[in-house]
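What follows is a set of notes on a single structure, which appears directly below.
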Amino acid sequence: MHPVLPAAPAISIVVPVYNEVPGHQTDSFSPRIQALLALLRAGDEIVLVDGGSSDSSWPALLALAQHPQITAIQSTKGRALQMNAGAAQAKGDVLLFLHADTVLGLAAWNTLLTQASARAWGRFDVQIEGQSRWLPVVAWFMNQRSRLSKIGTGDQALFVGRNLFQGVGGFPEQPLMEDIELCKRLKRTAPECFLAIRSQVLTSGRRWDTHGAWSTIVLMWLFRFQYWCGVPAAELARRYADTRGKLPITVAVFAKYPLAGRVKTRLEPLLGAQQCAAFARYLLLSTLDKLQGVNVALWTDGGTDSEWNALLAGRSVQRCMQPQGHLGLRMQTAVETHLKQSEVVVLLGPDAVQFTPADLGELSQAAKTYAIAFVPAHDGGYVALACTRCLPAVFSESIDWGSPRVAEQTRMILSQHNQQAKWLRPQIDIDEPGDLEKAIDAGCVPADWTERYKNEQP
């Protein structure tokens, strides 16, 4: 009789997700998860953890979670935080942490099934997909280094028994080097249980292609050395951000899809619902045209991809979905998102009809001096905000968003936090019928606005 081999333990694949699905027509993430799903046995599962994505990722995750072996949850943003949240939700005996841009194929999966146990931990060999001819060399050194040191990286798809993971406290809640620190903890606890699986996972080489293979290698080794010398992970994260080429400015424009009865409703006694929608369309398109040559991100509410594509009529604009929550939370999300790639982030509403490119330059310069600057509105709010770092207090839920007290409350909060800010000259913000009349009299809105962009109606 042949001996009966023990069944491989149930495996939970935890995937942290952040802005992986720009739109329904540009979704390469969902097919990767569907391919991963095809590998699973009964009892295995996939846990998708969204970190507050501002694009179409969360709706895509909810669609994937219609399958009984896929769970979609949301957590605080941060790879370590998301993976810990997924691990807490997972039911498997073995946890496999797979980055969203890493592909686990059949050979690697089958090898894991034959070698994994509730006590083991380890990583796979990695193959890096990209343009640089040095990427195979990079991958070889990564694989050899981790085989000798028993320190794996997230790109190598770390796996660990659930009880062992919990026993070392999971991933440390730090913004960088969380994978290195987890392996160090596991190495101290169970060095003899380390597995260096030679079957390969495939990961994206976009950061090597973007920043150069050798410069990226040197940078990563430098950061690892600094971490070994005791430099805090938060400081390393800041240094890492500083090494990446940033855009000088990003303007985030917030807009609802111009649907009758949903936009500019306070103008309905003057214009009617249909004309309010037409006016909202005019405001948005004229604002985007005014910002030509500037990096613009349009944060949208409502409307389908096809409706927005038709409305924007070929304008080259990055589009992000506004998250759920109060206005302050939505603005904070945009600031945090764009500060990763930009030195200055400006938040602007499409009804800031007096706002000019010269105002943009002045506001941006003020933000570089004071960290945060505002263009107040005559009605007590503000039409634009610029900042070089995120100050969560000014986006607080305690502010009466949409009321005439917004600017006053913001000033009080800044004072309480001993934060200086620059307030520029007040401008018109069109909410009431009288505002529109003032804007037309001041020449900020042409009297024939109804004829502008008329041929671009969706």
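The values are calculated or read from the model by the stated rules, or taken from the named source; none is laboratory data. Keep in mind that this is a model prediction, so the values were computed, not measured. Neighbour counts run over all protein chains shown; Cβ positions are idealised from the backbone, glycine included. The area values use the complete protein model at the heavy-atom level, side chains included, leaving out ligands, DNA and RNA. Shrake-Rupley method; radii C 1.70, N 1.55, O 1.52, S 1.80 Å.
Axis angle, to the nearest 10 degrees, between helix 213-228 and the longest C-alpha principal axis of the chain: 80 degrees. Report, ordered by chain and residue number, the lysines lying within cross-link reach of Lys438, taken as a straight Cα distance under 29 Å and ignoring same-chain residues fewer than 8 apart. Leaving aside lysines fewer than 8 places away in the same chain, those within reach of Lys438 are Lys256, Lys264, Lys290, Lys422, Lys454.
Relative to the first principal axis of the alpha-carbon coordinates of the chain, what is the inclination of helix 357-370, with its axis defined by its Cα atoms, in degrees from 0 to 90 and to the nearest 10? Approximately 60 degrees, to the nearest 10.
Could you point to the residue in Met321, Leu339, Gly361 farthest towards the positive end of the stretch 310-363's charge dipole, with +1 and -1 charges on the Cβ of Lys/Arg and Asp/Glu respectively? It is Met321. Of the residues Gly293, Val263, Gly349, the one whose Cα sits farthest toward the positive end of the charge dipole of the chain, with +1 on the Cβ of Lys and Arg and -1 on the Cβ of Asp and Glu, is Gly293. Scalar couplings 3J(HN,Hα) for the stretch 89-101, obtained by applying the Karplus form with A = 6.51, B = -1.76, C = 1.60 to θ = phi - 60°, are 7, 5, 10, x, 7, 10, 9, 10, 9, 10, 5, 5, 9 Hz; x denotes Gly and Pro. Note on the stretch 309-353: percent of Cα-Cα distances in each 10 Å bin, starting at 0 and stopping at the bin with the largest distance, equals 21, 47, 32, 0.
Taking R0 as 35 Å, what's the FRET efficiency between Gln226 and Glu192 from their Cβ-Cβ distance, rounded to 0.05? With R0 = 35 Å, the Cβ-Cβ based efficiency is 0.75. Taking a sphere under 12 Å around the Cβ of Ala80 and counting the other residues whose Cβ falls inside, with K and R at +1 and D and E at -1, yields a net charge of -2. For Arg319, the residues whose amide H sits under 5 Å from its own are Leu298, ignoring neighbours fewer than 5 places away on the same chain, with H placed 1.01 Å from N.
When the square roots of the Cα gyration tensor eigenvalues are ordered a ≥ b ≥ c, the ratio a/c for the stretch 125-189 is 1.5 or more and a/b exceeds b/c, which makes its shape prolate. Can you grab the distance from the C-alpha centre of the stretch 408-458 to the C-alpha centre of the stretch 97-172, Å, no decimals? Centre-to-centre distance over Cα atoms comes out at 52 Å.
Taking every DSSP beta bridge with both residues inside the chain, roughly what % is antiparallel (nearest 5)? Intermediate values should be presented prior to the final figure.
On the way: 16 of 59 bridges.
Taking every DSSP beta bridge with both residues in the chain, the antiparallel ones total about 25 percent.
Using heavy atoms of the protein chains and a probe of 1.4 Å, the accessible area assigned to Asp301 is about 40 Å². Sorting the segments 30-40, 154-164 by their mean number of nearby beta carbons within 10 angstrom, highest to lowest, gives 154-164, 30-40. Taking amide hydrogens as placed 1.01 Å from N in the peptide plane, the amide H of Ala72 sits under 5 Å from those of Leu48, each at least 5 positions away in sequence or on another chain. Put simply, when 365-375, 112-122, 140-150 are sorted by average Cβ atoms within 10 angstrom per residue, most first, you get 365-375, 112-122, 140-150. Its Cα centre serving as origin, the stretch 248-370 has a Cβ charge dipole (Lys and Arg +1, Asp and Glu -1) of approximately 140 debye.
Give me the net charge of Ala10's neighbourhood, meaning all other residues with Cβ under 10 Å from the Cβ of Ala10; Lys, Arg count +1, Asp, Glu -1. Taking every Cβ under 10 Å from that of Ala10, the sum is 0.
Name the residue from Gln416, Ala393, Gln427 whose Cα lies farthest towards the positive end of the charge dipole of the stretch 390-434, charges +1 on Cβ of Lys and Arg and -1 on Cβ of Asp and Glu. Projecting each Cα onto the dipole axis, the largest value belongs to Gln416. Against the main long axis of the alpha-carbon atoms of the chain, helix 273-290 sits at an angle near 70°.
Using Cβ point charges alone (K and R +1, D and E -1), the dipole size of the chain about the Cα centre works out to roughly 1840 debye. Think of it as helices only: each DSSP H run of n ≥ 4 in the chain is worth -39500 (n - 2.57), and spread over all residues that comes to -12000 deg cm²/dmol at 222 nm. 3J(HN,Hα) along the stretch 171-187: 6, x, 7, 10, x, 8, 6, 5, 5, 4, 5, 4, 5, 4, 5, 5, 5 Hz, from the Karplus curve 6.51 cos²θ - 1.76 cosθ + 1.60 with θ = phi - 60°, whole Hz, x for Gly and Pro. Rounded to the nearest 20 debye, the dipole size of the stretch 124-206 about its Cα centre is 260 debye, using +1 on the Cβ of Lys and Arg and -1 on the Cβ of Asp and Glu.
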